[in-house]
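J.: Below is one structure. I have some questions about it.
The values are calculated or read from the model by the stated rules, or taken from the named source; none is laboratory data. A quick note: this is a predicted structure, and the numbers were derived from the prediction, not measured. Positions of Cβ are generated from backbone atoms using ideal geometry, with glycine treated the same way; all protein chains shown enter the neighbour counts. When the accessible area is computed, the model is the full protein with side chains, heavy atoms only, and any ligands, DNA or RNA have been set aside. Shrake-Rupley method; radii C 1.70, N 1.55, O 1.52, S 1.80 Å.
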Amino acid sequence: MMKNFIDRYKNQLDVFIKNALNEDIGIADHTSLSCIDTEIISSAKLIVKESGYLAGVSLSKLIFEHYDQRLKVEVMIEDGNKIKKGDIAFKVHGPAGSILATERLVLNTIQKMSGITSYTKDLNKMIKHTHCKILDTRQTTPNFRYAEK
């Protein structure tokens, strides 16, 4: 399902990623440039801090690829799966500077999307005995609507 979402909204997501990275780091990540060898190959892992349902892995991969094609993501838990504190959702490998430049956007999007997914799944459980359906809302974040919906 998430692949369909990525394919369907690829152009909008590319614009979102470009604008978000530009707003976050501008022309360069000056802190990383001044402190580390940004080309050294490194890795990072996303460790789950709270139980719920995971969302945003596919978008995270798109963010990494958009910024630096050399970043490779090793997915341990796919979008939509139940997660618990301590789980490792994915690992990313590549140039340290590229990992650091993208990590804030990746963390922000995955936290927001996982929170929405977890809350929506809980609401669906509460109404499963009825004929009601949870629908989306227009009360979404500008420039992030596609991901939130």
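J.: Quick one: dipole size for the stretch 44-100, taken about the Cα centre, charges +1 on Lys/Arg Cβ and -1 on Asp/Glu Cβ, in debye to the nearest 20.
T.: It works out to roughly 180 debye.
J.: Something else now. Given the options LEU13, LEU62, LEU107, which has the most mean-square fluctuation in a GNM of the chain, springs set between C-alpha atoms less than 10 angstrom apart?
T.: It is LEU107.
J.: Tell me whether the stretch 71-149 comes out rounded, prolate or oblate; compute the Cα gyration tensor, take square roots of the eigenvalues as a ≥ b ≥ c, and use a/c under 1.5 as the rounded threshold.
T.: In terms of gyration-tensor shape, oblate.
J.: Hey, another quick one. I need the Kirkwood Rh of the chain: take the reciprocal of the average 1/r across all distinct C-alpha pairs and report it in angstrom.
T.: Every distinct Cα pair counted, the radius reaches 16.4 Å.
J.: With r defined as the distance between the Cβ atoms of LEU123 and ASN22 and R0 fixed at 35 Å, what FRET efficiency is calculated, to the nearest 0.05?
T.: 0.50
J.: What net charge do the residues around GLU50 carry, taking every other residue with its C-beta under 15 Å from that of GLU50, with Lys and Arg at +1 and Asp and Glu at -1?
T.: +4
J.: Shifting gears a bit: Per 0.36 nm of contour for each residue apart, how much would the distance between LYS82 and GLU65 grow if the chain were fully extended, relative to their Cα-Cα spacing?
T.: 3.6 nm
J.: Once the mean 1/r over all distinct Cα pairs of the stretch 1-50 is inverted, what Kirkwood radius in angstroms do you read off?
T.: Across the stretch 1-50, the inverse of the average 1/r is 14.0 Å.
J.: For the chain, set up a Gaussian network in which alpha carbons nearer than 10 Å are linked by springs, and say which option among LEU46, LEU33, LEU135 fluctuates the most.
T.: LEU135
J.: Sort HIS131, HIS93 by accessible area with a 1.4 Å probe, largest first.
T.: From most exposed to least exposed: HIS131, HIS93.
J.: Next question. Round to the nearest 0.05 the FRET efficiency obtained for ASN4 and ILE41 when R0 = 30 Å and r is the Cβ-Cβ distance.
T.: 0.35
J.: I've got another one for you. Restricting to Cα pairs below 8 Å that are 6+ residues apart, what does the relative contact order work out to for the chain? Please round to a whole percent.
T.: In percent, rounded to a whole number, it is 27.
J.: As a check on your grasp of the helix formula, calculate [θ] at 222 nm for the chain: sum -39500 (n - 2.57) over DSSP H runs of n ≥ 4, divide by the residue count, round to the nearest 500.
T.: So the helix-based figure for the chain works out to -16000 deg cm²/dmol.
J.: Which entries in LYS18/LYS133; LYS10/LYS85; LYS18/LYS49; LYS84/LYS128; LYS61/LYS121; LYS84/LYS121 show an alpha-carbon gap greater than 25 Å?
T.: Listed pairs above 25 Å: LYS18/LYS133; LYS10/LYS85; LYS18/LYS49.
J.: Also: Could you size up the charge dipole of the stretch 52-149 around its Cα centre, putting +1 on the beta carbon of Lys and Arg and -1 on that of Asp and Glu, and report it in debye to the nearest 20?
T.: 340
J.: Put +1 on the Cβ of every Lys and Arg and -1 on every Asp and Glu Cβ in the stretch 37-149; which of ILE41, LEU107, GLY80 then has its Cα farthest towards the positive end of the dipole?
T.: Farthest along the dipole direction, towards plus: GLY80.
J.: Using the Kyte-Doolittle scale, find the helices of the chain whose mean hydropathy is at least -0.5 and whose Cα atoms extend 18 Å or more along the helix's long axis, counting only whole DSSP H runs.
T.: Span-like helices in the chain: 10-25, 96-127.
J.: OK, next. Loop only by DSSP, 16 or fewer other Cβ within 10 Å of the Cβ. Give me the trypsin sites (Lys or Arg not before Pro) in the stretch 1-90 that pass, ordered by residue number.
T.: LYS49, ARG70, LYS84, LYS85
J.: Taking the Cα centre of the stretch 1-121 as origin, work out the dipole magnitude from +1 charges on Lys and Arg Cβ and -1 charges on Asp and Glu Cβ, in debye rounded to 20.
T.: 540
J.: Here's something else I'd like to know. For the stretch 59-102, what does the relative contact order come out to in percent, with C-alpha contacts under 8 Å and a separation of six or more?
T.: Here the relative contact order equals 43 percent.
J.: Okay, moving on. Using a 1.4 Å probe on the protein chains only, how many percent of the accessible area of the chain belongs to carbon and sulfur?
T.: 53
J.: When ligands, DNA and RNA are left out and all protein chains stay put, how many square angstrom of accessible area per residue does the stretch 40-149 have with a 1.4 Å probe?
T.: I get 62 Å² per residue for this part.
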